[in-house]
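Visitor: Here it is, the structure, as structure tokens.
Where a number appears in this text, it was derived from the coordinates with a stated rule and is not lab data. All figures in this text were calculated on a predicted structure; none of them were measured in a lab. Neighbour counts run over all protein chains shown; Cβ positions are idealised from the backbone, glycine included.
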């Protein structure tokens, strides 16, 4: 979702203060989703994968019958009468079930079918059953209830508009349910509205019957849905356009994509975009998972971005020009809706993926520079606004954090997308895309089901036949990022070859050591360069390379593949051992000057001489050292011919030499 859930005024001021100081915030794509989601108040088949949490029962279907007729006319009340019939399979012998139903929003009037009586607690509806049911039995209970005339940030009534918005735990405010993402169920929603109202929901439109001034809509979802992405969206005089996306050959199927828009709005840009975007995602993830899709703009009460309700995304008013927002929400139909995070500790599987594919779409449309620019935007945002916690905390599975934590843009979205990008670097492009395709098309474990991060990690290891747990464990479950302090040096060898020495160290103290492959670009005096890749698996690690030509420069991570990092790379200055000078000259090769660094073990008069390889003296100077320690001298090489020279340093009986290349 790209809707940042309800920030208070102080939070908004702080957020924009941080970002305006650091960089320009872009209210598009995942940023709009995150901002909307932060605004929210936290408070038949198996549809769960291996590590998804189990419950005493598994809801199979919700059948909602809502009378919304009077919500569209002044004074626009929020109350309505409804019935919910819940079909569930028993997982553990039980004679009662506990549902989630917010007492401040819902009044329970009666229960029926297998339900005999009930107790309604502040957030829990306890229904007593007519007998004890055993595992495997299928049970129906009915609930007659009404939604109270209260604002609750889940059921919205706004001047002829009626819509819902549920993530993360808003569904319990407009119908009794088991409001946890691991328990997906199919949905049948029947709603009574005035005849001039259009109403959309999940799944397919099974029926709309109009009699006089009243219409009954019936929407049926073929595919299971998590409660937080169940939706109804409606208004008087909604405009509706339908684009038929013809799936790529050899398929002959089409997918209807519905566009509900307010009077005065123009959805043409997104209508024109949706077919190429569908083709693009089809090429990476496989077939669109649902029997229809759609987008609907609502009112200013839905202030930011979009919400990826299954097969009907909600958009902010007038938000028909934000292509990154649409790319983000549309990617959620595969990652978030078709495969849903099993717990709120697994939200990266939703938001990290959808945010990353914003960048993929930018690259598809505008080229590799646009792709890299979007990834760099994510990295910069995270590095400037990092609050210092991990992407996932296992405790969130049972104790959901505040929405400002769960939907923090810097962590869940920007860092989340960057981690997926770095996995692409580590695994390689081909294996990366193959893994995502296999994940999205695994009908046994994931398609139309839920997943945890460990489930995804296991799938990655299975598809790649490698163990990538080390990568995901450090980037998802640990906070912050590596801080590199690297050094390098070039040294001529006796056989006319050159030795490149590189040491990498991580200096962060607020997180773990990050194991990663490193790329080094080494440039040579003939204008050529080479890229080497090494695995950095311990801190303070040294690497050595031998070349048959003279290196002149080294660049660490030239492609910025480790996009989440701070790094400094410099020519090394050796710390000399006691009893000698430990001479070091840098840069080497030198252009117009070089710096001689050495250890003066005692005070006294020191002499340095600069000679060519024929032994001809170029320069000789004396200097008085008044105290022992590390000393530096700048030596001009202006006017010297390109080639190798010898620097000699002496004091008393101790003489030391080093070679210096001059390259103008």
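Visitor: Could you work out [θ]222 nm for the chain from helices alone, using -39500 (n - 2.57) per DSSP H run of at least four and dividing by all its residues? Round to the nearest 500 deg cm²/dmol.
Guide: Helix contribution divided over all residues of the chain: -6500 deg cm²/dmol.
Visitor: Just to be sure I understand, if you calculate Rg and Dmax of the Cα atoms in Å for this structure, which of (i) 25.0, 82; (ii) 32.2, 113; (iii) 26.4, 75 do you get?
Guide: So the calculated entry is the one marked (ii).
Visitor: Would you work out if the range 299-365 is rounded, prolate or oblate? Take a ≥ b ≥ c from the square roots of the eigenvalues of the alpha-carbon gyration tensor; rounded if a/c is under 1.5, else prolate when a/b is larger than b/c, oblate otherwise.
Guide: Oblate, since a/c reaches 1.5 and b/c is not below a/b.
Visitor: Work out how far the C-alpha atoms of the range 67-122 reach from end to end along every principal axis, then list the three figures in whole Å, largest first.
Guide: Its Cα atoms span 48, 22, 18 Å along the three principal axes.
Visitor: Across 5 Å bins from 0, what is the distribution of all Cα-Cα pair distances for the range 584-662, in whole percents?
Guide: Going out from 0 Å in 5 Å bins, the range 584-662 shows 3, 14, 28, 26, 15, 9, 3, 0 percent.
Visitor: Antiparallel DSSP bridges in the range 483-571: what percent, to the nearest 5?
Guide: In the range 483-571, approximately 85 percent of DSSP beta bridges are antiparallel ones.
Visitor: Where does each of 187-196, 518-527 land if you order them by average Cβ count within 10 Å, highest first?
Guide: In descending order of packing, they fall as 187-196, 518-527.
Visitor: Extending each Cα 7 Å along its Cβ direction at residue 591 and residue 566, get the distance between those two points in nm, one decimal.
Guide: Placing both labels 7 Å beyond Cα along the Cβ direction yields 2.8 nm.
Visitor: Measure out, as a whole number of angstrom, how far apart the alpha-carbon centroids of the range 420-475 and the range 486-524 sit.
Guide: Each part's Cα centre sits 30 Å from the other's.
Visitor: Sort 247-260, 548-561, 351-364, 229-242 for me by packing, meaning the mean count of neighbouring Cβ atoms within 10 Å per residue, highest on top.
Guide: For the peptides 247-260, 548-561, 351-364, 229-242, the packing ranking is 351-364, 229-242, 548-561, 247-260.
Visitor: Something else: Please report how far the C-alpha centroid of the range 133-205 lies from that of the range 271-343, rounded to the nearest whole angstrom.
Guide: Using only Cα atoms to place each centre, the spacing works out to 20 Å.
Visitor: Right, another one. May I ask for the distance between the Cα centers of the range 533-559 and the range 579-607, given as a whole number of Å?
Guide: So the two Cα centres are separated by 25 Å.
Visitor: If each residue's Cβ is checked for other Cβ atoms within 10 Å, how do 434, 332, 55 rank with the fewest at the top?
Guide: The most exposed by this proxy come first: 434, 55, 332.
Visitor: Relative contact order for the range 170-256: what is it in percent, counting Cα pairs under 8 Å that are at least 6 residues apart?
Guide: 30 percent
Visitor: Counting alpha carbon pairs within less than 8 Å and at least 6 residues apart, what relative contact order, in whole percent, applies to the range 584-662?
Guide: 36 percent
Visitor: State the extension gain, in nm to one decimal, for the chain segment bounded by residue 98 and residue 642, taking 0.36 nm per residue of separation less the distance between their alpha-carbons.
Guide: Here the segment from residue 98 to residue 642 would lengthen by 187.5 nm.
Visitor: Another one. Hey, what did the range 347-476 get for relative contact order, percent, Cα under 8 Å, at least 6 apart?
Guide: In percent, rounded to a whole number, it is 29.
Visitor: Same structure again: Convex hull over the alpha-carbon atoms of the range 130-260: what's its volume per residue in Å³?
Guide: 176 Å³
Visitor: Another one. Can you say what percent of the DSSP beta bridges in the chain, counting only those with both residues inside, are antiparallel? Round to 5.
Guide: 85 percent
Visitor: Name the shape class, rounded, prolate or oblate, that the alpha-carbon gyration tensor gives for the range 269-387, where a ≥ b ≥ c are the square roots of its eigenvalues, rounded holds for a/c under 1.5, and otherwise prolate holds if a/b is larger than b/c and oblate otherwise.
Guide: Rounded, because the longest to shortest axis ratio a/c is under 1.5.
Visitor: Can I ask one more? Given a cut-off of 17 Å, what percent of all Cα-Cα pairs of the range 483-571 lie beyond it?
Guide: 48 percent
Visitor: In addition: Among the DSSP beta bridges whose two residues both lie in the range 584-662, what percent are antiparallel, rounded to the nearest 5?
Guide: 95 percent
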